[in-house]
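To start, the structure itself, in structure tokens.
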Amino acid sequence: MTARTAVRSTGSARYTYDLPGHLEASEPPEARGLTRDAVRLLVAYRGTGEIVPSSFVFLPRFLDPGDLLVINTSGTLPAAVDATADDGTRLVLHLSTRLDRTRWVVEPRRIVGRTTGRWAGPPPPRHLRMAGDATAVLEEPYGGAGRLWTASLDPGRRTLSWLAAHGRPIRYGYVERPWPIEMYQNVYATTPGSAEMPSAGRPFTPGAITSLVAKGVGVSPLVLHTGVASLEADELPYPERMIVPESTAERVNAAHRSGHRVIAVGTTVVRALETAGQADGTVCPYDGWTGLVISPERGVRVVDGMITGWHEPASSHLMMLDAVAGRPLLEASYEAALDQGYRWHEFGDTHLILP
């Protein structure tokens, strides 16, 4: 495989490549006797094209005093719940995005052995019963793809309490067995709301953050509640709820004024900062929804680099990475990661893209 074939365009303007099954991380690094920050790190420089294999524990070596890391403090919900239709059909409901007090965007999933699959065939049942006397009524398809639905949810009590009692983390087929919700939380998570883990931040530990601060690297938060990202679907991201606080906007602008770099921890942070960004690259506080899709044509105005995981073939996240890294470096990075056996998905290794 050459760099020209590791990541390639498809007719739908997506990027794809061949991902061997043994590179899909099926368990947390802790299950392999590693700490969170012992996962591998591949550092890629857009300016020179240089690619440096490393470990996440050495992240401070690649950042400079005055650089600013922006993190997403959204916490992961136990957003998968078992459901039964009036006719006895059993399925799993993934709660994706909360629209208001009672309405959610959800994904009904069919049960396939020990995991779930995308719903196929006739439309899913509309009336669902769940544990704790909770009910859900599917109202209409959401977003035009047929995978997601708007639903009226009645858990009979506070939704987060009901999920804590009866939900579990969303898990796809490459993760072979269930893991507790703690394995899907970043150490700095403060605000529950994400259907799936903002996983670029998973390798951070209190010690890793302390090392960064000791070097003079800033850390500033925002919140973006990420929805579901079914791996079977080649779809653009849906609108998501986000908050960029005034303090973070001010620190981003100050970092740029002083000639330092702003590094986004994850695609969610890139989306949030670019949504709050102005044409001149400054950032304003923002509290609302974002439907921004970041492509190479749109480019980025705020972020100078990013920490991210390794994204599955045809993922829309690869469009964003192209915007940040540029196509040649994106291809070379994925070629190197494939050749050197880096691991994919939320329990996998990491990718640092720098100018």
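The values are calculated or read from the model by the stated rules, or taken from the named source; none is laboratory data. None of these values were measured; they are calculated from a predicted model. Positions of Cβ are backbone-derived with ideal geometry, glycine not excepted, and every protein chain shown enters the neighbour counts.
Out of the residues in the stretch 161-177 meeting the condition of being over 19 Å from the mean Cα position of the chain (by Cα) and at pLDDT below 95, tell me which one is farthest from Ala80 (Cα to Cα).
Once the filter is applied, the top-ranked residue is Glu176.
What about Val293, is it surrounded by fewer than 23 Cβ atoms within 10 Å (Cβ to Cβ), under 21 Å from Thr16 (Cα atoms), among the β-branched types (Val, Ile, Thr) and assigned by TED's automatic domain parsing to the domain that holds Leu63?
Spelling it out, Val293 is indeed surrounded by fewer than 23 Cβ atoms within 10 Å (Cβ to Cβ), under 21 Å from Thr16 (Cα atoms), among the β-branched types (Val, Ile, Thr) and assigned by TED's automatic domain parsing to the domain that holds Leu63.
Across the stretch 126-153, what is the number of residues that are out of contact with any His (no Cβ under 9 Å at 6 or more places or on another chain), surrounded by fewer than 19 Cβ atoms within 10 Å (Cβ to Cβ) and over 13 Å from Leu95 (Cβ atoms)?
Of the residues in the stretch 126-153, 11 are out of contact with any His (no Cβ under 9 Å at 6 or more places or on another chain), surrounded by fewer than 19 Cβ atoms within 10 Å (Cβ to Cβ) and over 13 Å from Leu95 (Cβ atoms).
Yes or no, residue by residue, for (1) at pLDDT 95 or above; (2) under 20 Å from the mean Cα position of the chain (by Cα):
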residue	(1), (2)
Arg61	yes, no
Leu69	yes, yes
Leu91	yes, no
Val106	yes, yes
Thr116	no, yes
Pro123	no, no
Thr135	yes, no
Pro141	no, no
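Only one residue in Pro198, Pro203 is over 19 Å from Thr248 (Cα atoms), crowded, with 20+ Cβ neighbours inside 10 Å and either outside the structural domain of Pro65 (by TED's automatic domain parsing) or not aromatic (Phe, Trp, Tyr) (or both), so which one is that?
Going through Pro198, Pro203 in turn, just one is over 19 Å from Thr248 (Cα atoms), crowded, with 20+ Cβ neighbours inside 10 Å and either outside the structural domain of Pro65 (by TED's automatic domain parsing) or not aromatic (Phe, Trp, Tyr) (or both): Pro203.
Among the strands (runs of 3 or more DSSP E) contained in the stretch 107-157, which hold 1 or more residues that are more than 30 Å from Glu176 (Cβ to Cβ) and among the polar types (S, T, N, Q)?
In the stretch 107-157, the matching strands (runs of 3 or more DSSP E) lie at 134-142, 148-154.
To keep it simple, each residue is scored yes or no on (1) out of contact with any Leu (no Cβ under 7 Å at 6 or more places or on another chain); (2) surrounded by fewer than 24 Cβ atoms within 10 Å (Cβ to Cβ).
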| site | (1), (2) |
| --- | --- |
| Pro313 | no, yes |
| Ser316 | no, yes |
| Asp322 | no, yes |
| Leu329 | yes, yes |
| Ser333 | no, no |
| Ala336 | no, yes |
| Asp339 | yes, yes |
| His345 | yes, yes |
| Pro355 | yes, yes |
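Filter the stretch 225-239 down to the residues that are buried (at least 18 other Cβ atoms within 10 Å of the Cβ) and either outside the structural domain of Ala314 (by TED's automatic domain parsing) or over 16 Å from Met320 (Cα atoms) (or both), then identify the one that is modelled with the lowest pLDDT.
Result: Ser230.
Only one of (1) of a type in the set (Gly, Ala, Ser); (2) in a strand (DSSP E or B); (3) touching a helix residue (DSSP H, G or I) at 6+ places or on another chain (Cβ under 8 Å) is not met by Gly75, so which one is it?
Only one criterion is unmet by Gly75, namely (3).
Of Arg251, Arg343, which residue is of a type outside the set (Asp, Glu), touching a residue at least 60 places away in the same chain (Cβ under 8 Å) and in contact with a Lys or Arg (Cβ under 8 Å, 6 or more places away or on another chain)?
Matching residue, one of Arg251, Arg343: Arg343.
Out of the stretch 60-72, which residues are of a type in the set (D, E, K, R) and buried (at least 18 other Cβ atoms within 10 Å of the Cβ)?
Asp67
Would you be able to tell me the number of residues in the stretch 315-346 that are under 15 Å from the mean Cα position of the chain (by Cα), of a type outside the set (Ser, Thr, Tyr) and not in a helix (DSSP H, G or I)?
3
Which of the residues belonging to the stretch 242-283 are surrounded by fewer than 19 Cβ atoms within 10 Å (Cβ to Cβ) and either outside the structural domain of Pro221 (by TED's automatic domain parsing) or under 30 Å from Val105 (Cα atoms) (or both)?
Pro245, Glu246, Gln278, listed by residue number.
Of the residues Gly75, Gly88, Gly47, which single one is touching a Gly at 6+ places or on another chain (Cβ under 9 Å) and either surrounded by fewer than 21 Cβ atoms within 10 Å (Cβ to Cβ) or within 19 Å of Thr267 (Cα to Cα) (or both)?
That would be Gly75, the only listed residue that is touching a Gly at 6+ places or on another chain (Cβ under 9 Å) and either surrounded by fewer than 21 Cβ atoms within 10 Å (Cβ to Cβ) or within 19 Å of Thr267 (Cα to Cα) (or both).
From the list Glu274, Glu235, pick out the single residue that is of a type in the set (Asp, Glu) and either more than 20 Å from Trp344 (Cα to Cα) or over 15 Å from the mean Cα position of the chain (by Cα) (or both).
Result of the check over Glu274, Glu235: Glu274.
Can you confirm whether the stretch 184-193 contains a residue that is outside the structural domain of Trp344 (by TED's automatic domain parsing) and outside any helix (DSSP H, G or I)?
no
Mind checking whether some residue in the stretch 302-316 is hydroxyl-bearing (Ser, Thr, Tyr) and out of contact with any helix residue (DSSP H, G or I) (no Cβ under 8 Å at 6 or more places or on another chain)?
So far as the stretch 302-316 goes, yes, one or more of its residues are hydroxyl-bearing (Ser, Thr, Tyr) and out of contact with any helix residue (DSSP H, G or I) (no Cβ under 8 Å at 6 or more places or on another chain).
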